[in-house]
1. What do you reckon, is residue A:151 more than 14 Å from chain B (Cβ to nearest Cβ) and either touching a residue at least 60 places away in the same chain (Cβ under 8 Å) or over 20 Å from residue A:272 (Cα atoms) (or both)?
2. Scan (1) in contact with a helix residue (DSSP H, G or I) (Cβ under 8 Å, 6 or more places away or on another chain); (2) under 27 Å from residue A:243 (Cα atoms) for the single condition residue A:46 breaks and write down its number.
3. Show the residue pairs that are 6+ apart or on different chains and have beta-carbon atoms under 6 Å apart, the first residue being within region A:205-230 and assigned to a loop (DSSP other than H, G, I, E, B), the second being of a type in the set (Val, Ile, Thr) and modelled with pLDDT of 90 or more.
4. Could you figure out which of (1) without any contact (Cβ under 8 Å) to a residue 12 or more places away in the chain; (2) within 18 Å of residue B:246 (Cα to Cα) isn't true of residue B:301?
5. Of all residues in region B:190-213, which are closer than 19 Å to residue B:84 by Cβ and over 12 Å from the mean Cα position of the chain (by Cα)?
6. Check whether at least one residue in region B:168-190 is part of a strand (DSSP E or B) and touching a residue at least 24 places away in the same chain (Cβ under 8 Å), and report yes or no.
7. Residues that are modelled with pLDDT of 85 or more, over 27 Å from the mean Cα position of the chain (by Cα) and surrounded by 12 or more Cβ atoms within 10 Å (Cβ to Cβ): which helices (runs of 4 or more DSSP H) entirely in region A:1-105 hold 1 or more of them?
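The values are calculated or read from the model by the stated rules, or taken from the named source; none is laboratory data. Model, not experiment: these values are computed from the prediction. All Cβ positions, glycine included, derive from the backbone under ideal geometry; neighbour counts span all protein chains shown.
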Amino acid sequence: MPPAAIAARRWRVRAPSVLPGFGLTLGFTLTYLTLIVFVPLSGLAWHSATLGWENFWSLALAPRTVQALRISFGTALIAAIVNAIFGTLVAWVLVRYRFPGRRLLDAAVDLPFALPTAVAGIALAALYAPNGWIGQPLADLGLTVAYTPVGIVVALVFVGLPFVVRTVQPVLQDLDREVEEAAATLGASRARTLRSVILPALAPALLTGFALAFARGVGEYGSVIFIAGNIPFVSEIAPLLIVIRLEEFNTAAATAIGAVMLMLSFGLLLLINLIQGWSRRRFGHG
Amino acid sequence: MDIQVHDIRKAFDGHAAALNGLSLSVTSGELLALLGPSGSGKTTLLRIIAGLETPDSGRLLFNGTDAAHRSVQERNVGFVFQHYALFRHMTVAQNVGFGLAARPRARRPSRPEIRRRSEELLALVQLQGLEHRYPTQLSGGQRQRVALARALAVEPTVLLLDEPFGALDAKVRKDLRRWLRDLHDHTGHTTVFVTHDQEEALELSDRVAIINAGRVEQVGRPSEVYLTPASAFVCGFMGACNGLPVQVRDGAAFLNGATRPVADGLRVADGPTVMYARPHDVALTTDDTGPGLCGIAEAVRVAPGLLRVDMAVPGLDTRLELDIPMSDAHWTAVRPGQPIQVRLTHCHVFPS
């Protein structure tokens, strides 16, 4: 076989399939993603490219920008971890137990999706303010939530919860009960079964939920700005800084922050996707 | 280990009782089949023995001591699920070693010891060299054997198998059946397995318990339950069976309107009853003086070693099924549409 033929064989995009429509659907997917995702994002990349390399980095590495990015990614990460733990717990309760009001609770999980984020932000700020319902007792204990990074985490936990619950829930529902029973007959305690049988089965879905909650947290604006206090270097998030720069007609700085956020987010999401692919393969969905 | 099941009842919400006062005893070291149609409660019984279900009432004794309140973990049973229930994210070796690795620290063997035990068991189930595969990379028969090795790893007091070969194709099923019998003879575990396949039950087990509607219909050696069924249900379930509604007068049974008896010498009270005869207990005859039946051979089919004939008999609503062995010299003479004469070599009558 001539080398060209081998190369052609290796690079054939699609395996022969009985399911038609590959060309059509791939074409649609590419066009759609181009219009919806790539064009706006490449606009951002294009604009930041016009800044020039040095100019771009001096804007991106300005201390206030770096701090804002650190706060945004840090709080989003913590919130995503909190959601991964407690969201899984919520999903567990909703799937495994039957109790009055379960459906109501199930429906309530989606509320953070539906509520305008500003409304959520104002409500949280009022609750956690030093004179609020929750802020007051916490203040008596010497804890301040509002107007600190902790407040940001609270807001991000609120908006990110449905992502974890809604990704873990269906997997939990489909989880084979016999596998748990098998673990029990082999003498495994409940904790052991949870740790070595159930959690690994949930891991891919949990990672997806985590990634979604994290991504949402990084970009979140509306619910955060009311509770954060927005003190530069303390509780100012990157999306807010972009808006501030825009209001100053400093599009160059806004673009630079935006581009850095884009790169960081893309890198992290790619990493999560890779881990996920690996755990899925291990789990036999490969 | 001896298992005594005494008057166990179990009902699931909104359903008819799954177990209806079922009693059964399993002797140590035997291989017992729980045989019954689907929905008869046999799997529920197995799960109750394992501790995966709690009975509503009744007693469960392991070696004479009450086991009903022991948790699944404490019972130390090996359970093999119909769909294997392997841990998909673990390798074959990890699956087999799971039971040992999950023990509390004080009783947990060392890692090398666990590895040694899993290798030993994988050799026992003839899966050497597959230690590092994942369950999805195995065939159905291999998965089933991994599940078995996993259950054996905890040195169970009793091995419980729920339809162990149900999801396998016929050839693999046959091989595994023989293999399981050998394994049982080799290890000597008390083993209870559930099946709806009478051939499997007869071939594999020391004793068969036939379960119907949440009760035991009959327990006995395979030959016993096949040759001397205790009820019409057992007779019909253990293989093809012809039912003949007859009138009994002085020990002779007559079909509706017939003057020649179908059988005589029966020790049954006079009156209407149903006689049961298996297809191979109906034989061709040329003697028209003794008891027997005349009719027309309607459908004639060849099966390995025998001829399957559906025979239309006057006074009988259903066709009589008979198997004529090819060792019978007259089998070539049986053709569709021809009159034939048969007699029953063996039949069962059950008190109604």
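1. Numbers: more than 14 Å from chain B (Cβ to nearest Cβ): yes; either touching a residue at least 60 places away in the same chain (Cβ under 8 Å) or over 20 Å from residue A:272 (Cα atoms) (or both): yes.
Yes: the conditions hold for residue A:151.
2. (1)
3. Between residues of region A:205-230 that are assigned to a loop (DSSP other than H, G, I, E, B) and residues that are of a type in the set (Val, Ile, Thr) and modelled with pLDDT of 90 or more, the close pairs are A:220/A:159.
4. Condition (2) is where residue B:301 drops out.
5. B:191
6. Here is the first cut: in region B:168-190, the ones part of a strand (DSSP E or B) are B:190.
Next, only the ones that are touching a residue at least 24 places away in the same chain (Cβ under 8 Å) stay: B:190.
Within region B:168-190, one or more residues are part of a strand (DSSP E or B) and touching a residue at least 24 places away in the same chain (Cβ under 8 Å).
7. Values: elements: A:3-10, A:22-33, A:39-49, A:53-60, A:63-96.
In region A:1-105, A:53-60 are the helices (runs of 4 or more DSSP H) which contain 1 or more residues that are modelled with pLDDT of 85 or more, over 27 Å from the mean Cα position of the chain (by Cα) and surrounded by 12 or more Cβ atoms within 10 Å (Cβ to Cβ).
Residues are listed down the side, and each one gets a yes or a no for (1) more than 14 Å from chain A (Cβ to nearest Cβ); (2) in contact with an Asp or Glu (Cβ under 7 Å, 6 or more places away or on another chain); (3) closer than 21 Å to residue A:181 by Cβ:
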{"residue": "B:4", "(1), (2), (3)": "yes, no, no"}
{"residue": "B:10", "(1), (2), (3)": "yes, yes, yes"}
{"residue": "B:16", "(1), (2), (3)": "yes, no, no"}
{"residue": "B:46", "(1), (2), (3)": "no, yes, yes"}
